[in-house]
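Asker: Sharing a structure here in structure tokens format.
The values are calculated or read from the model by the stated rules, or taken from the named source; none is laboratory data. This structure is a prediction, so every number in the text was calculated from the model and none was measured. Don't worry about glycine lacking a Cβ; one is built from the backbone with ideal geometry, like all the others, and counts go over all protein chains shown. These area figures cover heavy atoms from the full protein model, side chains too; ligands, DNA and RNA do not enter into them. Shrake-Rupley method; radii C 1.70, N 1.55, O 1.52, S 1.80 Å.
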Amino acid sequence: MDLPGIEALSSGAKFFRADLHIHSFGASYDVRDDAATPETIIATAKSEGLAIVSITDHNEISNVARAVEIGRASGILVVPGVELSTPEGHLLCYAPTPDSLERFYNRLQIADRRTPECRCQTGALQCLELIGNEGGFGVLAHVELPGAFEANLPRFTPAKLDILCHSALAAIEVTRQDCPVRYDALDADPDRLRVVTERNRRLRLGSSQYLARIINSDAHTIAAVGRNANRDQRITRYKMESPTFEGLRLALQTPDTRVRIEEGLPNIVPSVKGVVFQGGFLDGQAINFSPNLTCIIGGAAVESQPHSRAFVFLEDRLLMT
């Protein structure tokens, strides 16, 4: 039996692949690959199976607006962003629109733009406050690396706690799935566990709500776009109805069900593609299931209709592109 138009039916939310940390030529001082232009980055993202990207240059936003326009024409969501070299460590900041990112950026103190000494003199806490005022959010970049947040602030001072408990901080970026820095219930460090409790208290979150953990490419060349530190096609995917800034924000707020680091995921998974009913009160009805559905339990509705039949369509789905 064929699937009559089932492909056109909505299947609800699904996971979209995203690389939210990419550097471009002409904006990031340390990018030497002249092919890493916004145009080529978007084209590469599409070939890598990415639905969402962000060009986050070092203390610079000059390529962002053009990337957003190119992405819109190519069917790729480009999230306006920037990577700030704050005194406490690198902070990725994302805004809903290029205009809101520019307003945020213009309130920062940036020294020695587009040079190796380029830095953001505005502190991480103030950056989070400013990006939050623009409807955006922040992510602590590659937290476990030398010169990053954990190395720069090894002690759990009130200042460090204020950053980790800020409402505009949405996630921590790690370079590998088994990174010991977690800030969740599985973290082995007692100080970080205390931060989890304090963050939930300050922000009035549920006991199981944690900072999302994500992996990006931190690409400085075209070949690295959509790849992790080992240059594997394994970064992060986010569950939402369609690629939008608000969908991304919601996913980061509920990472236990909406954020998946791709390391450790299988290449192929079985899924229930859809069902078509024949006979009974459901005659002619078709359902296109989310690709996340892998089994169906029950069948009372069909069994109660002796002349009804349900045709369930299964497939092996390639998870990794």
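Asker: Is it true that some residue in the stretch 85-106 is surrounded by fewer than 24 Cβ atoms within 10 Å (Cβ to Cβ), touching a residue at least 12 places away in the same chain (Cβ under 8 Å) and in contact with a strand residue (DSSP E or B) (Cβ under 6 Å, 6 or more places away or on another chain)?
Answerer: yes
Asker: Quick check: is even one residue across the stretch 34-57 farther than 20 Å from Gln121 by Cα, part of a loop (DSSP other than H, G, I, E, B) and among the charged types (D, E, K, R)? Explain how you work it out, then say what you get.
Answerer: Initially, the stretch 34-57 is screened for residues farther than 20 Å from Gln121 by Cα, giving 34-55.
Applying the additional criterion that residues be part of a loop (DSSP other than H, G, I, E, B) yields 34-37, 48-51.
Imposing the further condition that a residue be among the charged types (D, E, K, R) reduces the set to 34, 48.
Within the stretch 34-57 (the criterion being farther than 20 Å from Gln121 by Cα, part of a loop (DSSP other than H, G, I, E, B) and among the charged types (D, E, K, R)), the answer is yes, since at least one residue qualifies.
Asker: State all residues of the stretch 117-146 that are open to solvent by less than 40 Å² (accessible area, probe 1.4 Å) and either farther than 23 Å from Pro98 by Cα or among the acidic types (Asp, Glu) (or both); if no residue qualifies, say none. Before you say what the answer is, go through the steps one by one.
Answerer: Taking the stretch 117-146 and keeping what is open to solvent by less than 40 Å² (accessible area, probe 1.4 Å), we get 118, 120, 122-124, 127-128, 130-132, 134-143.
Of everything in the stretch 117-146, those that are open to solvent by less than 40 Å² (accessible area, probe 1.4 Å) and either farther than 23 Å from Pro98 by Cα or among the acidic types (Asp, Glu) (or both) turn out to be Glu134, His142, Val143.
Asker: Across the stretch 207-224, which residue is farthest from Glu39 (Cα to Cα) among those that are among the hydroxyl-bearing types (Ser, Thr, Tyr) and open to solvent by 50 Å² or more (accessible area, probe 1.4 Å)? If you could, list the steps in order and put the result at the bottom.
Answerer: So the first thing to find is which residues in the stretch 207-224 are among the hydroxyl-bearing types (Ser, Thr, Tyr), and the list is 207-208, 210, 217, 221.
Subsequent filtering for residues that are open to solvent by 50 Å² or more (accessible area, probe 1.4 Å) retains 207-208, 210, 221.
On the way: Ser207: 43, Ser208: 41, Tyr210: 35, Thr221: 13 Å.
Residue satisfying both the conditions and the ranking: Ser207.
Asker: A follow-up question, please. State whether the residues of the stretch 147-164 include one that is modelled with pLDDT under 95, farther than 17 Å from Asp256 by Cα and either open to solvent by 10 Å² or more (accessible area, probe 1.4 Å) or out of contact with any helix residue (DSSP H, G or I) (no Cβ under 6 Å at 6 or more places or on another chain) (or both). Spell out the reasoning first.
Answerer: First pass over the stretch 147-164, keeping only residues modelled with pLDDT under 95: 147.
Adding the requirement that they be farther than 17 Å from Asp256 by Cα leaves 147.
Restricting the remaining residues to those that are either open to solvent by 10 Å² or more (accessible area, probe 1.4 Å) or out of contact with any helix residue (DSSP H, G or I) (no Cβ under 6 Å at 6 or more places or on another chain) (or both) gives 147.
Within the stretch 147-164, one or more residues are modelled with pLDDT under 95, farther than 17 Å from Asp256 by Cα and either open to solvent by 10 Å² or more (accessible area, probe 1.4 Å) or out of contact with any helix residue (DSSP H, G or I) (no Cβ under 6 Å at 6 or more places or on another chain) (or both).
Asker: Please tell me if Ala185 is surrounded by fewer than 16 Cβ atoms within 10 Å (Cβ to Cβ) and among the aliphatic types (A, V, I, L, M).
Answerer: Values: surrounded by fewer than 16 Cβ atoms within 10 Å (Cβ to Cβ): yes; among the aliphatic types (A, V, I, L, M): yes.
It is true that Ala185 is surrounded by fewer than 16 Cβ atoms within 10 Å (Cβ to Cβ) and among the aliphatic types (A, V, I, L, M).
Asker: Given the conditions (1) part of a helix (DSSP H, G or I); (2) surrounded by fewer than 17 Cβ atoms within 10 Å (Cβ to Cβ); (3) at pLDDT below 65, report the number of the one that Val302 does not fulfil.
Answerer: Tallying (1) part of a helix (DSSP H, G or I); (2) surrounded by fewer than 17 Cβ atoms within 10 Å (Cβ to Cβ); (3) at pLDDT below 65, Val302 fails exactly one: (2).
Asker: Any residue at all in the stretch 253-266 that's farther than 30 Å from Asp33 by Cα, in contact with a helix residue (DSSP H, G or I) (Cβ under 9 Å, 6 or more places away or on another chain) and aliphatic (A, V, I, L, M)?
Answerer: Taking every residue of the stretch 253-266 in turn, at least one turns out to be farther than 30 Å from Asp33 by Cα, in contact with a helix residue (DSSP H, G or I) (Cβ under 9 Å, 6 or more places away or on another chain) and aliphatic (A, V, I, L, M).
Asker: Between Arg204, Arg231, Arg260, Arg237, which is open to solvent by 30 Å² or more (accessible area, probe 1.4 Å), modelled with pLDDT of 80 or more and in contact with a strand residue (DSSP E or B) (Cβ under 7 Å, 6 or more places away or on another chain)? Reasoning before the result, please.
Answerer: Numbers: Arg204 fails: in contact with a strand residue (DSSP E or B) (Cβ under 7 Å, 6 or more places away or on another chain); Arg231 fails: in contact with a strand residue (DSSP E or B) (Cβ under 7 Å, 6 or more places away or on another chain); Arg237 fails: open to solvent by 30 Å² or more (accessible area, probe 1.4 Å).
So the residue among Arg204, Arg231, Arg260, Arg237 that is open to solvent by 30 Å² or more (accessible area, probe 1.4 Å), modelled with pLDDT of 80 or more and in contact with a strand residue (DSSP E or B) (Cβ under 7 Å, 6 or more places away or on another chain) is Arg260.
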